[in-house]
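Each remark here refers to the structure printed beneath this line.
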Amino acid sequence: MVVASMTSMVISNLNPETQTKLMDNIKSFNYDWFQSPLALSTWKLFYKVLKARREAIDVIKDVLTRRKESKEKHGDFVDTMLEDLEKENTIFDQGSAISLIFSILVVAKEGVPNITSIAVKFLSQNPKALAELKREHMAILRNRKDKGGVSWEEYRHSMSFTNMVISESLRLANLSPVMFRKALRDVEIKGYTIPAGWIVAVVPAMVHFDEATYENPLEFNPWRWEGKEMIWGSKTFMVFGGGVRLCVGAEFARLHIALFLHHLVTTYDFSLVQDCELIRTPFLHFTKGLLLNISESSK
Ligand code: HEM
């Protein structure tokens, strides 16, 4: 779902066949190959991933070239990218623009479903939080005047617990295990000096699991966010990074997760088939998938 909606927002004028091809390649660009270098399967998967990347890049390159020549406008992200490429002080060239478009599609495909599944896992194991979430969304349905889908107002003003669930899932998941920064000048921190030019690895989990900020940090407790203003990129909550490199897709990701949870809890009952293990190798994944019993909701 995320790949479909992202692809059409980023490149809106693809014919259905090319769009399917692009989506298939984005989906095939995964981290399943990240295994032992000694296993033959690693290299077979790695080859498939590189091939998917090359084919996706070819589609994007073709679109960019044609749109540049035709000067047609479609109100999508490619328009924005082309306008930027024409600016005198642009930081992009054709190659980096193509890479950015490709990365955005991949990041959306990796990040949003991962956090959504992790939220579903935590909710399945926490009946109190699930009941509270259901209560919030059933109230939205009751108060909805028209028969349309979720409105922007509902998302902004009636999903406070949902946002608490999302923040808590993001905090525990630490989807980006590490971020890199370069010290541009000597930096003094607690008696240590980071010399200019050094690369610093920032590990957000160190902050997100710090008991001084989060009581019982390993516990899934959405209520810890009650009444707190969620500031992205703060020193105690850096799930989307911080500073000038703050994730541009943060709000998009939250919105998608909220929409999914809305439909899930208002339409279905669900429970885990078996306990599922989440591991980091170094990317997060469920060792045996996330298997759910799911049935239409008894309301
Ligand atoms: C739950 C999902 C997501 C998580 C946890 C996440 C996390 C992050 C983090 C931690 C960074 C900062 C990296 C750094 O400082 O080195 C980042 C940057 C970025 N993210 Fe996300 N992201 C998510 C979803 C998305 C989506 C959906 C998009 C695209 C629509 C996106 C696009 C980007 C881009 C383009 C950057 C680089 C920004 C820059 O360097 O100026 N992300 N993301």
Handout entry: Selection within segment 219-250 - within 11 Å of the ligand (Cβ to nearest atom) and either farther than 22 Å from VAL203 by Cα or of a type in the set (Val, Ile, Thr) (or both)
Key = VAL239, VAL244, VAL248
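Could you please let me know if LEU170 is modelled with pLDDT of 95 or more, out of contact with any His (no Cβ under 9 Å at 6 or more places or on another chain) and under 22 Å from VAL202 (Cα atoms)? Step through it out loud before you land on a result.
Values: modelled with pLDDT of 95 or more: yes; out of contact with any His (no Cβ under 9 Å at 6 or more places or on another chain): no; under 22 Å from VAL202 (Cα atoms): yes.
No: the conditions fail for LEU170.
Which of the residues belonging to segment 105-149 are of a type in the set (Val, Ile, Thr) and more than 30 Å from LYS21 (Cα to Cα)?
Step one: filter segment 105-149 for residues of a type in the set (Val, Ile, Thr), giving 106-107, 112, 115-116, 118, 120, 140.
If the condition is that a residue be of a type in the set (Val, Ile, Thr) and more than 30 Å from LYS21 (Cα to Cα), then ILE140 is the only one that fits.
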Problem - Evaluation of ARG144 against (1) surrounded by 12 or more Cβ atoms within 10 Å (Cβ to Cβ); (2) modelled with pLDDT of 95 or more (one fails), failing number - result: (2)
Problem - Among residues of segment 220-245, those that are at pLDDT 90 or above and either aliphatic (A, V, I, L, M) or surrounded by fewer than 12 Cβ atoms within 10 Å (Cβ to Cβ) (or both), counted - result: 3
Fill in the blank from the handout: Here the qualifying pairs (Cβ atoms under 7 Å; residues six or more apart or on different chains; first in segment 162-179 and without any contact (Cβ under 8 Å) to a residue 12 or more places away in the chain; second more than 8 Å from the ligand (Cβ to nearest atom)) come out as none
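What tally of residues in segment 173-198 results from selecting those that are β-branched (Val, Ile, Thr) and under 22 Å from CYS247 (Cβ atoms)?
Within segment 173-198, the first condition is being β-branched (Val, Ile, Thr), and the residues that meet it are 178, 187, 189, 193-194.
Next, from what is left, pick out any that are under 22 Å from CYS247 (Cβ atoms): 178.
The total comes to 1.
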Practice task
Report the residue count in segment 169-202 for those that are within 10 Å of the ligand (Cβ to nearest atom), part of a strand (DSSP E or B) and either surrounded by 14 or more Cβ atoms within 10 Å (Cβ to Cβ) or over 19 Å from the mean Cα position of the chain (by Cα) (or both).
Solution key: 3
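Would it be correct to say that TRP33 is in contact (Cβ under 8 Å) with a residue 12 or more places away in the chain and more than 16 Å from the ligand (Cβ to nearest atom)?
Details: in contact (Cβ under 8 Å) with a residue 12 or more places away in the chain: yes; more than 16 Å from the ligand (Cβ to nearest atom): yes.
Spelling it out, TRP33 is indeed in contact (Cβ under 8 Å) with a residue 12 or more places away in the chain and more than 16 Å from the ligand (Cβ to nearest atom).
Can you pull out every residue in segment 102-132 that is within 16 Å of the ligand (Cβ to nearest atom), of a type in the set (Gly, Ala, Ser) and touching a strand residue (DSSP E or B) at 6+ places or on another chain (Cβ under 9 Å)?
As a first pass, look at segment 102-132 and keep what is within 16 Å of the ligand (Cβ to nearest atom): 102-122.
Right, trim to of a type in the set (Gly, Ala, Ser) and you get 103, 108, 111, 117, 119.
SER117 - this is the single residue of segment 102-132 that is within 16 Å of the ligand (Cβ to nearest atom), of a type in the set (Gly, Ala, Ser) and touching a strand residue (DSSP E or B) at 6+ places or on another chain (Cβ under 9 Å).
Out of segment 211-235, which residues are free of Cβ contacts under 8 Å to residues at least 24 places away in the same chain and closer than 22 Å to ALA129 by Cβ?
Within segment 211-235, GLU211, THR213, GLU215, ASN216, PRO217, GLU219, GLY227, LYS228, GLU229 meet the criteria.
The values are calculated or read from the model by the stated rules, or taken from the named source; none is laboratory data. Not measured: the values here are computed from a predicted model. So basically every Cβ, Gly included, is an ideal-geometry build from the backbone, and we count neighbours across all protein chains shown.
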